[in-house]
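Everything on this sheet refers to the single structure shown next.
Readers should treat all values here as calculations from the given coordinates under stated rules, not as data from a laboratory. These figures come from a predicted structure and were not determined experimentally. As a convention, Cβ positions derive from the backbone with ideal geometry for all residues, glycine included, and neighbour counts pool all protein chains shown.
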Amino acid sequence: MNRRRRIHGAPGLLLACVGIGAVALAVYLPVSVDSGSARTRVASVRDNAARFGHTNRPNEEDFSSFINRSLQGPLFDPPPPVEPEPAPEPELPPPPLPEVRLLATMMETGGTSHALFSQMDGTILVRGVGDSIGEDGVAARVERITQDQVFISFDGNEFTLVLPKEPPQ
């Protein structure tokens, strides 16, 4: 029985020896073959460094930025900088309502009505529904005309001009 174990164990031992030998050869051969070319490369690097004025040994100045760096940094990342919100643009006051005075209203049966206005410079204006009063940039719009009132829309608001009881002088 011992003899059988020895016979069965011999191929395993032989296989292990062949494997170890193959690994040793694989490691040894590239090093011994490449050692000459490695020496040549190191020599050419030294020649180039000497030609351009570099020394092979680093000095303290080469590593000063690394040596002087603090190795104890903060335990957390600082928050990103907060950009200030832009200041809101100041709201411009609405343009003034054109200064006009209602002089008269003219009601027609066909549904077309007109109003007679007087501007502060003395100009007389005749305007109907949908027409504008004032300059182009600050014009008010005539919305409705009744017997004694004119409704004007200006800057999103509605104003009412009332016909005076006494005739203007």
Worksheet item: For PHE76 and ARG144 in one chain, what is 0.36 nm times their gap in residues minus the Cα-Cα distance, to one decimal in nm?
Response: 17.6 nm
Discussion item. Report the gain in length on full extension from LEU97 to ASP155: 0.36 nm times residue separation, minus Cα-Cα distance, nm rounded to one decimal.
Written reply: 20.0 nm
Worksheet entry | Estimated inter-spin distance, SER64 and GLU89, nm [label 7 Å along Cα→Cβ] | 5.4
